[in-house]
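Peer 1: Next up is a structure, given as structure tokens.
The values are calculated or read from the model by the stated rules, or taken from the named source; none is laboratory data. All values reported here derive from a predicted model rather than from experimental measurement. Positions of Cβ are generated from backbone atoms using ideal geometry, with glycine treated the same way; all protein chains shown enter the neighbour counts. Side chains included, ligands, DNA and RNA excluded: accessible areas come from the protein's heavy atoms. Shrake-Rupley method; radii C 1.70, N 1.55, O 1.52, S 1.80 Å.
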Amino acid sequence: MPELSNRTADFTDSVIRRMTRVSNLYGAINLSQGFPDFEPPRPILDRLAQVSSEDFHQYSITWGAQNFREALASKIKHFSGVDVNPEKELVVTCGSTEAMMAAMMTVTNPGDKVIVFSPFYENYGADTILSGAEPIYVPLNPPEFNFDPEVLEDAFRLKPKAIIVCNPSNPCGKVFSRKELEIIGELARKYDAFVITDEVYEHIIYKPYTHTYMAALPGMKDRTITCNSLSKTYSITGWRLGYVWASEEITERVKKVHDFLTVGAAAPLQEAAVTGLKFDDQYYLDLQEKYTRKRDLFLKGLDQIGLEHTVPQGAYYILVDISQFGYRTDTDFALALAEKVGVGAVPASSFFKEEENRYVRLHFAKKDETLNAALDRLSDIKNKLK
């Protein structure tokens, strides 16, 4: 038999999705894979029911249905203040996962370097390697997960083609300040690199933090490629509706990559999701309030149990420090947590380039009763994991 691909030889399956299977195996409450257990907004579901009996069952335009792109462009302008041409600056993708892959394949050549902050969402390293590029990892330093500008410039001195910025960040919940983004943008301009952003948690932000769009900063629109999705904002992770927002020149190339990757996103789901894209500001204020309440509920419970943890500035993930339990690895701990305690978590070593076994990641995008049930199981964790 011929030899298989060298570039995928060291790949594992997704640790996040693996822990969902482990949770299912042991009947654990799944706080590993970041999807809600509550319904999407009712107006979106009502429109979906209507769409099922309407004529949206064939391909839409490859790079996205016209009305979807127009509604999306209007929403982006409303929140970012930047004009967006729905014809020439948007590509609708099958989730932000495809958006990131299409962006990487658009800007990188084999042998190029790409800066990735660590900790990172696990796909970024894989996307870089699949594109034939080489990741350069720059640490975000706990507990605030700030970066050292000098260390970052050292990475830029290696002449990377791009930097990936997840804002707010999965898994650590960091929200990059405007000043930090300006430093990144200044270095990108100085060393002539693209900035690829992942902004899927743009509306899940906790006061006093605010979201700044990289593409809205002076001099950054033409070199920023924004990857985003509707999954987290509207609680429709299974719909796989994402998009790339970039300049006309970049978008024209992304369209071609996207066409050969997936042809197009699901037409009926695009039609239904237009309803969400037209929600007024109150929806996003309510979303922020809902997740703030869930965060506070979960953090208070962890504090009462005596578990040390990070405090997310955005997104809905918490890193719990497991040092006190004395496990050899975070993977061993996560498996024991699912089996003996009944709570699913992600071993956070999968997010770090550095040798790191102190953390597991939990998420709180769940009903209050689910979070309370998880906290109840965790309350006796010190006895169950002796």
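Peer 1: Report the charge-dipole magnitude of the stretch 246-386 in Debye, nearest 20, computed about the Cα centre from +1 at each Lys and Arg Cβ and -1 at each Asp and Glu Cβ.
Peer 2: Values: 20 positive and 23 negative charges, 101 e Å.
Approximately 480 debye in magnitude.
Peer 1: Around SER118, which amide H atoms from residues at least 5 apart in sequence, or from another chain, sit under 5 Å from its own amide H, with H modelled in the peptide plane?
Peer 2: Answer set, sorted by chain and number: VAL138, LEU140.
Peer 1: Another one. Hey, if you put +1 on the Cβ of every Lys and Arg and -1 on every Asp and Glu Cβ in the chain, which of GLY342, VAL15, ASN85 ends up farthest toward the positive end of that dipole?
Peer 2: Of the options given, the answer is GLY342.
Peer 1: Identify, among TYR137, GLN58, MET1, the residue whose Cα sits farthest towards the positive end of the charge dipole of the stretch 1-150, taking +1 on the Cβ of Lys and Arg and -1 on the Cβ of Asp and Glu, with the dipole about the Cα centre.
Peer 2: Among TYR137, GLN58, MET1, the one farthest towards the positive end of the dipole of the stretch 1-150 is GLN58.
Peer 1: Could you tell me how far the Cα centroid of the stretch 360-386 sits from the Cα centroid of the stretch 18-72, in Å?
Peer 2: Between the Cα centres of the stretch 18-72 and the stretch 360-386 lies a distance of 26 Å.
Peer 1: Could you tell me whether the stretch 1-133 comes out rounded, prolate or oblate from its Cα gyration tensor? Rule is a ≥ b ≥ c as square roots of the eigenvalues, rounded for a/c under 1.5, then prolate if a/b exceeds b/c, otherwise oblate. Walk me through the intermediate numbers first.
Peer 2: Working: a/c = 1.86, a/b = 1.23, b/c = 1.51.
Oblate, because a/c is 1.5 or more while a/b does not exceed b/c.
Peer 1: Oh, and also: Taking 0.36 nm per intervening residue step and subtracting the Cα-Cα distance, what contour gain separates ASP13 from GLN324 on full extension? Before the final figure, lay out each step's value.
Peer 2: Details: separation 311, 0.36 × 311 = 111.96 nm, distance 2.86 nm.
Gain on stretching ASP13 to GLN324: 109.1 nm.
Peer 1: Could you give the size of the charge dipole of the chain about its Cα centre, using +1 on the Cβ of each K and R and -1 on the Cβ of each D and E, expressed in debye and rounded to the nearest 20? The partial results should precede the final answer.
Peer 2: Values: 44 positive and 53 negative charges, 107 e Å.
The dipole of the chain has a size of about 520 debye.
Peer 1: Counting alpha carbon pairs within less than 8 Å and at least 6 residues apart, what relative contact order, in whole percent, applies to the chain? Intermediate results must be reported in sequence, preceding the final value.
Peer 2: Values: 732 pairs, mean separation 95.3, N = 386.
This gives 25 percent for the chain.
Peer 1: Sticking with this one: So, with a 1.4 angstrom probe, what is the percent of accessible area on the stretch 96-226 that is carbon and sulfur? The partial results should precede the final answer.
Peer 2: Numbers: 2410 of 4620 Å².
Carbon with sulfur: 52 percent of the solvent-accessible area.
Peer 1: Just check the stretch 143-270 against the gyration tensor rule for me: Cα atoms, a ≥ b ≥ c as the square roots of the eigenvalues, rounded for a/c under 1.5, and otherwise prolate or oblate depending on whether a/b exceeds b/c. Could the numbers behind the result be given before it?
Peer 2: Details: a/c = 2.21, a/b = 1.28, b/c = 1.73.
Because a/c hits 1.5 or more and a/b fails to exceed b/c, the stretch 143-270 counts as oblate.
Peer 1: Classify the stretch 260-349 from the C-alpha gyration tensor, please: rounded if a/c falls under 1.5, else prolate or oblate depending on whether a/b exceeds b/c.
Peer 2: Details: a/c = 3.36, a/b = 1.64, b/c = 2.05.
Verdict is oblate for the stretch 260-349.
Peer 1: Right, another one. Pulled fully out, how much extra length does the chain show between ARG358 and GLU289, if you take 0.36 nm times their separation in residues and subtract their Cα-Cα distance? Walk me through the intermediate numbers first.
Peer 2: Working: separation 69, 0.36 × 69 = 24.84 nm, distance 3.03 nm.
Full extension of this stretch gives 21.8 nm more.
Peer 1: Taking the chain as a Gaussian network, Cα atoms linked when under 10 Å apart, which of ALA374, ALA49, ALA345 shows the biggest mean-square fluctuation?
Peer 2: Among ALA374, ALA49, ALA345, the largest GNM mean-square fluctuation belongs to ALA49.
Peer 1: When the chain is fully extended, how far beyond the present Cα-Cα distance does ASP37 get from ARG253, taking 0.36 nm per residue of separation? Intermediate values should be presented prior to the final figure.
Peer 2: Numbers: separation 216, 0.36 × 216 = 77.76 nm, distance 3.69 nm.
Computed gain between ASP37 and ARG253 is 74.1 nm.
Peer 1: Please find, in a Gaussian network model of the chain (springs between Cα atoms separated by less than 10 Å), the residue of ALA272, ALA365, ALA215 whose mean-square fluctuation is greatest.
Peer 2: ALA272
Peer 1: While we're on this one: What residue among ASP83, ASP192, ASP13 has the largest mean-square fluctuation in a Gaussian network model of the chain, using Cα springs under 10 Å?
Peer 2: Maximum fluctuation in the GNM of the chain, among the listed residues, is at ASP13.
Peer 1: Related question: With point charges of +1 on the Cβ of Lys and Arg and -1 on the Cβ of Asp and Glu, referenced to the Cα centre of the stretch 173-279, which listed residue (TYR201, ALA216, VAL274) lies farthest in the positive direction of the dipole?
Peer 2: Positive-most Cα among the choices belongs to TYR201.
Peer 1: Less than 14 Å from a label point 7 Å out along the Cα-to-Cβ axis of ASN85: which backbone N atoms in the stretch 207-232 qualify, by residue?
Peer 2: 222
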